[in-house]
Amino acid sequence: MAKNLVIVESPAKAHTIEKYLGSDFKVLASVGHIRKDTKVDKATFDVTYEIDPDHKKIITELKKAVKEADKIWLATDEDREGESISWHLCEVLKLPKNTARITFHEITKPALENAIKNPRTVDMDMVASQQARQTLDMLVGYDLSDIVRKKVPGAISAGRVQSPALRLIVEREKEIEKFETKFTFKISGKFKKDKEFDAIYEGGAPETKEEAKKILEKLSLETYKVENVEETEGTRTNPVPFTTAALQIEANAKLGFSSRTTMSAAQGLYQAGLITYHRTDSLNLSSQAIVTIAKYIEGTFGKNYLKVRTFKTKDTQAQEAHEAIRPTDITRVGAGKTEYEKKLYKLIWARTVATQMAAAKVAKTTIKLSHDFVAKGEIVIFDGFLKVYGKSKDLELPKVKKGDKMDCLELVARQTYAKPPARYTEGSLVKKLEDLGIGRPSTYASIMTAIQTRGYVIKGENEGETRKITEFVAQNGNIKENLVKEKFGADKGKLIPTPIGELVAGFLTDNFKNIVDYKFTANIEKDLDLVADAKLERVKMLRDFYGPFQNTVLIANGVERYNNARLLGHDPKTGKPIYAKVGKNGGFIQLGDNEKETKEKPRFAPLPKRKTVKTVTLEQALSQLELPTLPRVLGKAPDGTELIAANGPFGPYLKGGKYNIPMKDFDPYIVSLEEVLPLYQNKVASIIADWGEIMIINGAYGPYIKGPGRRNNVKIPKATNPKKVTLEEAKKMLENKPKTKRRAPRTKAKKKK
């Protein structure tokens, strides 16, 4: 029997730690939080906690292990969430207040041994800070979600930190909509002196075709020579170590990972002991780590590649951990189980090594030609940290001197459109939130997930559209006009607000200014830090926020139902008004006023693809209203069954007799009978037996029996031939199917502070 019991959060972490601590230590996992916050007293801010039913068995095992051990060590994660889990363990397992609490920012033998030598007790100030955040989010989320559901069509919920993030995305979309698309003609030239090189015309950008052609004609008649040559040396500075936010930003930009994917892969690497703790605001690297990295660089690349650097975190409240994210063993160049983990580890390894390498040295050359043409070149003369991190492409210019004549091979004036502000990616949104002081390392991934799962934001999938642009080419005194194609407007991977997301953001901005105010939200984060530092009392902090917030809720309850319906014009045939509106399933076109007012049912049509309530035109709406109404009869299947295209709460579907068949890849307004026949025939082919309310169906995971009602299914054993099952046998299988596991009764514990 082990003398020591160590309790951690995850089984994977437990397995790694047990390898290092030896036979005297038994390591068990709480598997996250063992209790849930279920109720908050709005007067006292006392919290009612309930045992998580899924953790009953785990708690029983922990209680048994506690009785058998001589000493208990609480080794949950070193951030505030981990501190809170340790406190819950003390409460539920009835551990004494002086129970040893240990923290470490990497799962290695030296780090664990050092932690065992330097235990402390649970930091109740950190626990209070976590409780304040949780309580605040519960109170705001409950009250805000309730009123948003009442006032905004299609809204599901709203949160304290997610709402400012949604506002950022919506405001960027407004900037894009207001952006005036203008173009100018950018002029460039191809010149030669021993070798060819490109130069840019800096004498102005003409705004019309006529002006561009006129300038190009003039320039094509000129002779060119070198007026000046500048040669300088510069450096490219190394990157700093990874914080949690920086890791998410870089993984999104370089690997295309979502914040959730990045944090999941980082969690796996940390639990396997491969990287340091992955939730951190700190830029610091330990002195021991720096020594090890320096030794590796000198031994692998040479002494001239080494430049030891230390880093200081700008944010004085950066206290989620004490080191940046780095590999625990820098000599391990590759690691990880999954492809995601392997790619992320390689990124972390390269970034960490790069921080201790010499800066890259570059030689820059600028050649100024007559008639306002300038050529710029750059070559790397010492790669430094670029050897492991980053890319560099040399652009070498010819060796020339002042007065040298240049051959002008070609001049081009190309129509160039100004680009609107870029939509946020997950990475750039995390960067913006970090700059504003909104959120903390552990919350960024959940923010990205929340705004998308609620249907307020989607990731773009459009590869872009094609447009024709004008290009004038001057060569050997002749000017030729060409029409060339270019892609524009790609939004793949970009965060785009849905019509409902825009409505929610608008409602909150109009009625809950503080909730979506960036400075106010950032100041709450600072208050939570003050609670953790014992400089602000938890209840005072909550009371100061919640009192004014409740008054705002009462006022907002009296406002009209929120909808940004837009009158597009009137139908030329009937004279009825045509609106673009937002409903619970998104944007739509409406012909006629509401039925309650006119006693006549209006007609509806979907918005055109890639159009919003704000961008759709009257002409486009009229075209959509010409579409057939749903449900729409398509024709008959070979067996005589009538097939009908319809739209429901879960999207478009095909109705064929008693079968409702999803058809998410088809537009129900234009889909043809030929296109849907395979869907119906596949459905019919999957029915092995049909006795009305009871059927045998060949599903994606094998044959099963479907009984009357919802979720009344039972899988047919592999040894049983589904084609030979009788109705009586099917009934018996349904009657004797395994019982659904019942939820354990809840026990309550009230925490007062």
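If I filter segment 321-344 down to residues being free of Cβ contacts under 8 Å to residues at least 60 places away in the same chain and in contact with a helix residue (DSSP H, G or I) (Cβ under 7 Å, 6 or more places away or on another chain), which single residue comes out as surrounded by the most Cβ atoms within 10 Å (Cβ to Cβ)?
Applying the filter and picking the extreme gives 327.
Does segment 1-40 hold any residues that are small (Gly, Ala, Ser), within 21 Å of residue 94 (Cα to Cα) and either without any contact (Cβ under 8 Å) to a residue 60 or more places away in the chain or part of a strand (DSSP E or B) (or both), and which are they?
29, 30, 32
How many of the residues making up segment 629-683 are outside any loop (DSSP other than H, G, I, E, B), surrounded by 12 or more Cβ atoms within 10 Å (Cβ to Cβ) and on the phi < 0 side of the Ramachandran plot?
The qualifying residues number 28.
Give the number of residues within segment 561-583 that are closer than 19 Å to residue 507 by Cα, part of a strand (DSSP E or B) and of a type in the set (Gly, Ala, Ser).
Counting residues in segment 561-583 that are closer than 19 Å to residue 507 by Cα, part of a strand (DSSP E or B) and of a type in the set (Gly, Ala, Ser) gives 2.
Identify all residues within segment 139-198 that are among the small types (Gly, Ala, Ser) and closer than 30 Å to residue 396 by Cβ; write none if there are none.
Scanning segment 139-198 gives 188, 189.
Among what's in segment 119-159 and is closer than 26 Å to residue 84 by Cα and of a type in the set (Lys, Arg), pick the residue that is nearest to the chain's Cα centre (by Cα).
That would be 133.
Within segment 528-547, can you find the residues that are in a helix (DSSP H, G or I) and without any contact (Cβ under 8 Å) to a residue 24 or more places away in the chain?
Within segment 528-547, 530, 540, 544, 547 meet the criteria.
In segment 371-397, how many residues are under 23 Å from residue 408 (Cβ atoms), crowded, with 16+ Cβ neighbours inside 10 Å and of a type in the set (A, V, I, L, M)?
2
Mind checking whether some residue in segment 307-318 is among the acidic types (Asp, Glu), surrounded by 20 or more Cβ atoms within 10 Å (Cβ to Cβ) and under 27 Å from the mean Cα position of the chain (by Cα)?
Within segment 307-318 (the criterion being among the acidic types (Asp, Glu), surrounded by 20 or more Cβ atoms within 10 Å (Cβ to Cβ) and under 27 Å from the mean Cα position of the chain (by Cα)), the answer is no, since none of the residues qualifies.
For the structure I just gave you, tell me whether residue 472 is touching a strand residue (DSSP E or B) at 6+ places or on another chain (Cβ under 6 Å) and either buried (at least 16 other Cβ atoms within 10 Å of the Cβ) or assigned to a loop (DSSP other than H, G, I, E, B) (or both).
Yes, satisfied.
Which condition number in (1) part of a loop (DSSP other than H, G, I, E, B); (2) more than 25 Å from residue 646 (Cβ to Cβ) is the one that residue 601 fails?
(2)
It is to be established whether one or more residues within segment 151-166 are in contact (Cβ under 8 Å) with a residue 12 or more places away in the chain, outside the structural domain of residue 20 (by TED's automatic domain parsing), among the small types (Gly, Ala, Ser) and part of a helix (DSSP H, G or I).
The answer is yes, given that some residue of segment 151-166 is in contact (Cβ under 8 Å) with a residue 12 or more places away in the chain, outside the structural domain of residue 20 (by TED's automatic domain parsing), among the small types (Gly, Ala, Ser) and part of a helix (DSSP H, G or I).
Out of (1) acidic (Asp, Glu); (2) closer than 13 Å to residue 374 by Cα; (3) part of a loop (DSSP other than H, G, I, E, B), the odd one out for residue 222 is which?
Result: residue 222 fails condition (2) only.
Would you mind listing the helices (runs of 4 or more DSSP H) fully within segment 229-320 where at least 3 residues are of a type outside the set (Val, Ile, Thr), at pLDDT 95 or above and more than 16 Å from residue 343 (Cα to Cα)?
Of the helices (runs of 4 or more DSSP H) lying wholly inside segment 229-320, those with at least 3 residues that are of a type outside the set (Val, Ile, Thr), at pLDDT 95 or above and more than 16 Å from residue 343 (Cα to Cα) span 287-301.
Hey, any hits in segment 101-108 for a residue that's surrounded by 14 or more Cβ atoms within 10 Å (Cβ to Cβ), touching a residue at least 40 places away in the same chain (Cβ under 8 Å) and more than 24 Å from residue 266 (Cβ to Cβ)?
The answer is no, given that none of the residues of segment 101-108 is surrounded by 14 or more Cβ atoms within 10 Å (Cβ to Cβ), touching a residue at least 40 places away in the same chain (Cβ under 8 Å) and more than 24 Å from residue 266 (Cβ to Cβ).
Which of the numbered conditions does residue 459 fail, given that it passes all the others? Conditions: (1) within 30 Å of residue 194 (Cβ to Cβ); (2) among the charged types (D, E, K, R); (3) in contact with a strand residue (DSSP E or B) (Cβ under 9 Å, 6 or more places away or on another chain).
(1)
Of the residues 39, 57, 67, only one is modelled with pLDDT under 90, surrounded by fewer than 18 Cβ atoms within 10 Å (Cβ to Cβ) and either over 21 Å from residue 80 (Cβ atoms) or of a type in the set (Ser, Thr, Tyr) (or both); which?
Step by step, each of 39, 57, 67 is checked, and only 39 is modelled with pLDDT under 90, surrounded by fewer than 18 Cβ atoms within 10 Å (Cβ to Cβ) and either over 21 Å from residue 80 (Cβ atoms) or of a type in the set (Ser, Thr, Tyr) (or both).
Just to verify a result, which residue in segment 462-506, among those that are under 29 Å from residue 170 (Cβ atoms) and small (Gly, Ala, Ser), is nearest to the chain's Cα centre (by Cα)?
493
Looking at segment 205-226, which of its residues are surrounded by fewer than 16 Cβ atoms within 10 Å (Cβ to Cβ) and either in contact (Cβ under 8 Å) with a residue 24 or more places away in the chain or among the polar types (S, T, N, Q) (or both)?
Passing the criteria: 207, 208, 209, 211, 217, 221, 222, 223, 225.
Give just the number: which of (1) at pLDDT 95 or above; (2) touching a Leu at 6+ places or on another chain (Cβ under 7 Å) does residue 185 not satisfy?
For residue 185, the failing item is (2).
I'm trying to understand the selection: among the residues of segment 609-628, which are of a type in the set (Ser, Thr, Tyr) and modelled with pLDDT under 80?
612
Report, ordered by the first and then the second residue, all pairs with beta carbons closer than 9 Å, sequence separation of six or more or different chains, a first member in segment 386-405 that is farther than 21 Å from residue 230 by Cβ, and a second member that is assigned to a loop (DSSP other than H, G, I, E, B) and at pLDDT 90 or above.
389/238; 389/239; 390/239
Looking at segment 479-497, is at least one residue touching a Leu at 6+ places or on another chain (Cβ under 8 Å), at pLDDT 90 or above and surrounded by fewer than 19 Cβ atoms within 10 Å (Cβ to Cβ)?
yes
The values are calculated or read from the model by the stated rules, or taken from the named source; none is laboratory data. Quick caveat: nothing in here was measured; it's all calculated off a predicted structure. So basically every Cβ, Gly included, is an ideal-geometry build from the backbone, and we count neighbours across all protein chains shown.
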